[in-house]
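Q: Sending over a structure as structure tokens; questions will come in a sec.
The values are calculated or read from the model by the stated rules, or taken from the named source; none is laboratory data. This is a predicted model, so every value here is computed, not measured. As a convention, Cβ positions derive from the backbone with ideal geometry for all residues, glycine included, and neighbour counts pool all protein chains shown. For the accessible areas, the whole protein counts, side chains as well, though only heavy atoms, and no ligand, DNA or RNA atoms are used. Shrake-Rupley method; radii C 1.70, N 1.55, O 1.52, S 1.80 Å.
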Amino acid sequence: SFEKTAFEILGSWLKNLPKQDVQHFLNFLKKSLNHQVSNGHISLTLSWDQMRKMKASNISFSVHSSSHSALSRLEQKELIAELQSSRQKISLGLSEESNWFAYPYGEVSDFNDRVILSLKESGFTCALTMIQGLNFIPSDLYRLKRIGIGGNDSLEIFKLKLSGAISWLSQMNFF
């Protein structure tokens, strides 16, 4: 869809900018959208109250970083600050510790062995990528794959994806 393509282009552009330029752009975007939100239009993020209600229904939230930077491009000091500050925000906002991490962007170039070592040293027990596929017992816990679920997926496709059948069939070159 147009929205998905636009989001992917914007994400690729942002992750290659220096951190301060990304923050400047996001602050500009936030100010622009706050005007719409204050007039009763769409909100793009969940509030802490919404997240707490979801948590009460057994929905989990993980640490994702503070500035949504591609972690492999950060200096070590910045990387540690990203991990610690985002974990602290989740802990304070939801009154619980999260020991798993979701990589911003999550592509192979966005994390590396140095990032994984920093996650381990910071006490994270696993990390999720955006790489499509299944995980098995010998899978690397800091390179976990995902199964993408889309808003246009039918209930049947959703069930097939959750069962792992779609990933298995694509690995067997049926798609």
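Q: Which sequence of Asp110, Asp21, Asp153 reflects their accessible areas, 1.4 Å probe, from the largest down?
A: Listed by decreasing accessible area, they come as Asp21, Asp153, Asp110.
Q: While we're on this one: Given contacts defined as C-alpha pairs under 8 Å and at least six residues apart, what's the relative contact order of the chain, whole-number percent?
A: RCO, the chain: 15 percent.
Q: Identify the residues of segment 49-76 with backbone N under 18 Å of a label point that sits 7 angstrom from the Cα of Asn27 along the Cα-to-Cβ direction, or state none.
A: It comes to 66-69, nothing else.
Q: Just to check I understand the Karplus step: with θ = phi - 60° and J = 6.51 cos²θ - 1.76 cosθ + 1.60, what whole-Hz values come out for segment 136-144, glycine and proline as x?
A: 10, 3, x, 4, 5, 5, 9, 9, 5
Q: Once the Cα gyration tensor of the chain is diagonalised, what are the square roots of 5 times its eigenvalues, in whole Å and ordered largest first, as equivalent ellipsoid semi-axes?
A: Whole-Å semi-axes of the equivalent ellipsoid: 26, 23, 19.
Q: Average the reciprocal distances over every distinct pair of alpha-carbons in segment 62-117, invert the result, and give the Kirkwood radius in Å.
A: Kirkwood radius, segment 62-117: 11.4 Å.
Q: Are there GluC sites (Glu not before Pro) in segment 39-101 that DSSP puts in a loop and that have at most 15 other Cβ atoms within 10 Å, and which ones?
A: Those satisfying the criteria are Glu75, Glu96, Glu97.
Q: Test of understanding: what is the full-extension gain from Leu169 to Ser57, defined as 0.36 nm times their sequence separation minus their Cα-Cα distance?
A: Net length gain for the segment: 37.1 nm.
Q: Now for a different question. For Gly133, list long-range residues whose amide hydrogen, built 1.01 Å from N in the peptide plane, is under 5 Å from its own amide hydrogen.
A: Arg146, Ile147, Gly148
Q: Follow-up question, since we're still on this one. How big is the charge dipole of the chain about its Cα centre, in debye rounded to the nearest 20, if each Lys and Arg gets +1 on its Cβ and each Asp and Glu gets -1 on its Cβ?
A: Using only the charged Cβ atoms, the result is roughly 220 debye.
Q: Continuing with the same structure: Which three extents, in whole angstrom, do the alpha-carbon atoms of segment 82-175 cover along their principal axes, largest first?
A: 42, 29, 23
Q: Same structure again: Taking amide H positions as placed 1.01 Å from N in the peptide plane, with prolines and chain starts having none, which residues 5 or more places from Asp153, or on another chain, fall under 5 Å of its amide H?
A: none
Q: Mean residue ellipticity at 222 nm from the helices of the chain, using -39,500 (n - 2.57) per DSSP H segment of n ≥ 4 over the full residue count, to the nearest 500 deg cm²/dmol?
A: Taking each H run of at least 4 residues, the total per residue is -15500 deg cm²/dmol.
Q: What spacing in nm lies between the two simple spin-label points modelled at Ser139 and Glu75, each 7 Å away from Cα in the Cβ direction?
A: 3.6 nm
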